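In what follows, a structure is listed as C-alpha cells, so that the remarks can point back to it.
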Amino acid sequence: MSRFRRTALAAALTVATAALSAAVGSAAPATAAPPTAAVALGDSFISGEGAGAYSPVVDLNGVARPFPGWSAPNSNAYFCHRSANASLFQADLPGIQARFNLACSGGQPYDIANASASRAKGRQVAAQLDQLRAVGQTHDIDLVLVGLGSNNSSFTFGSVAEKCANRFIADAWTGWWEFWAYLGGPVPQEPCSDADLATAAQFNAATAETTAAVRQILTTLAQIDADGQHRIVLQDYTNPLPPELASKFWTEDSRSDTRDKFRALGAERYAGGCPIHRASLAPGHRFSQGLGTLVNSVRTTLAAEFPNADLVGLNVQRAFDGARLCEQSASPTGALATPIRLQDGPSGVFVTSLSGYDKLDIQRIANTCGTYFQTCQESWHPNAAGHRVLGRCLSGAASTATRAVACVRAPDGTITVS
C-alpha cells in the first residue's frame, strides 16, 4: 500500500472515530463523578468537644443554630459542639475533597438511627444516619470515622467524670462532721471504685447497644455508597488523666487527699485541671481500658458479620502519654486535654482558681454545672492540640493495610501508628 493510500486510510479512520465518539457523546453525556467525602459519626471525642471553634449545627427544623448564650437549654443543637479543630479536619487524607462532622457531644448509640431529641437529655438534631444519607446524595463517601460507646443507656462519660470530681471537691472543702451538722447526713467523699464507674453488666449492655448501632452504620453505607468503596475507622478513647499525678500535686500544706479537708490541695489540683483523688486514677484507667475492650469487641463482631467491609480499629488509649492533665508539673500548660473548668453562674467566665472559696461558694459553682451543663461540658476532653494528635492517628488508620492499629505518643512527642 502506498504512503498516500495509508495516509488517506488513516485520515478516514480518524474521521470515523471522531464521528462515532460524537454520536455516543450526544446519546449519553458523561456524568461527572461526585466529590469524595470523609464523615465523622458518634460522640464528643469525635465531634471536637473541648477544641473550640464550634460551628453552627442544623437542628431538627433545618435551622442552623449558632451560639445561643450560656443560659440557653442544653438541648440546643449548637451544644453538639462540632469543632473546626476536630480530628477529622486535622487528618491528612489524600484524595478526600470534602469533610462532614455529623457527631454530637453526648451522642449515644440510640442517636445513630433516632433523633437525639426523642430521648432524655438529647439534643435537637436529626438521627446521624439521616444526616449521613444526605451526604451520600451529593458525595462519594470514602472514609467514615466512628467514635461510639462512652455514652449509652447504662452510663455516660460526663456522669462518671462528674461523680469522681465532685467526691474529691466535697472531700477537700467540707469536713465529715459538717455534712451531719449542716446537711443532715453524709455526702460521698471517698475515691471512685470500679463499681462506681461501670459494672461488668453495664459494659455488656453498652457493648450490645454499640454493636447494634455500628451495624446500622455499615448497613446504611452499603445502601448509599454507589461504588461500595469506603473505609470505616472505629476509634476508642484516651483517658485525659495519667495513671499517676506529678509529685507536685500529691500534697499541699502537708496534707494529702487522704486527710479530712484539704482545701489548698483541692485548689492546686483544680488549677492544674485534675480535681480527683489519686486513688480514683487506677479505676479510671480500668474504665478507659474497658471502653477500649468494648470498641474492639464491636469491631471483632462486625468484622465477622461483614467480612468484605473495610473496617479498621483505631486504639488511641496511649495517644496522650506524657501529656495528660497533671502528668507534668506545669499542667494544664502543655496538656492535650481540657482541664475541668466551671463557671460561677452562666457568665461565660471560667473560674480558674478556687483559692479562697468556702464550701458554700463551691456548692454554688458546682450547681451551675448541674443546671447549665454546657458551662462545664468541655472538661476533660481533647483540646485543639489533642485533636491534632488524634488527626495524626486517623491519618495512620486511614492508610494502614492492617485491620487494627494503635496510636502511641513517645516521651519526645513523636506519634506512631502501627
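The values are calculated or read from the model by the stated rules, or taken from the named source; none is laboratory data. Note that this is a predicted model, so its numbers are computed, not measured. Virtual Cβ from ideal backbone geometry, glycine too; neighbours counted across all protein chains shown.
Could you please let me know if Thr333 is surrounded by fewer than 18 Cβ atoms within 10 Å (Cβ to Cβ), under 20 Å from Glu209 (Cα atoms) and not hydrophobic (A, V, I, L, M, F, W, C)? Judged against the criteria, Thr333 is not a match.
Which of the residues spanning the stretch 352-376 are within 23 Å of Gly106 (Cβ to Cβ) and of a type in the set (A, V, I, L, M, F, W, C)?
Ile365, Ala366, Cys369, Phe373, Cys376
The numbered conditions (1) closer than 29 Å to Gly95 by Cβ; (2) at pLDDT below 95 are all true for Lys359 except (1).
From the list Gln317, Gln343, pick out the single residue that is touching a residue at least 24 places away in the same chain (Cβ under 8 Å) and closer than 26 Å to Ala264 by Cβ.
Only one candidate passes the filter, namely Gln343.
Checked against the criterion of being among the hydroxyl-bearing types (Ser, Thr, Tyr) and closer than 20 Å to Leu325 by Cβ, the candidates Thr375, Thr400 yield just one match: Thr375.
Checked against the criterion of being part of a loop (DSSP other than H, G, I, E, B), among the polar types (S, T, N, Q) and over 22 Å from His381 (Cα atoms), the candidates Asn85, Asn61, Asn74 yield just one match: Asn61. Looking only at residues of the stretch 280-314 that are outside any helix (DSSP H, G or I), touching a residue at least 40 places away in the same chain (Cβ under 8 Å) and over 21 Å from the mean Cα position of the chain (by Cα), we find that the one that is farthest from Ala337 (Cα to Cα) is Phe306. The condition of being surrounded by fewer than 22 Cβ atoms within 10 Å (Cβ to Cβ), over 24 Å from Glu244 (Cα atoms), of a type in the set (Val, Ile, Thr) and free of Cβ contacts under 8 Å to residues at least 12 places away in the same chain holds for only one of Val349, Val405, that being Val349.
Table: residues versus (1) at pLDDT 95 or above; (2) out of contact with any helix residue (DSSP H, G or I) (no Cβ under 9 Å at 6 or more places or on another chain).
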{"site": "Thr333", "(1), (2)": "yes, yes"}
{"site": "Pro339", "(1), (2)": "yes, no"}
{"site": "Ser355", "(1), (2)": "no, no"}
{"site": "Cys407", "(1), (2)": "yes, no"}
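Going by what's in this entry, would Glu252 be described as more than 19 Å from the chain's Cα centre (by Cα), touching a residue at least 12 places away in the same chain (Cβ under 8 Å) and farther than 26 Å from Gly413 by Cα?
Yes, satisfied.
Residue count for the stretch 213-228 under the criterion of being touching a residue at least 40 places away in the same chain (Cβ under 8 Å), exposed (fewer than 13 other Cβ atoms within 10 Å of the Cβ) and part of a helix (DSSP H, G or I): the result is 0. Residue pairs whose Cβ atoms lie under 9 Å apart, sitting 6 or more positions apart in sequence or on different chains, and linking a residue in the stretch 80-98 that is free of Cβ contacts under 8 Å to residues at least 40 places away in the same chain and among the charged types (D, E, K, R) to a partner that is crowded, with 20+ Cβ neighbours inside 10 Å and in a helix (DSSP H, G or I), are Arg82/Ser47.
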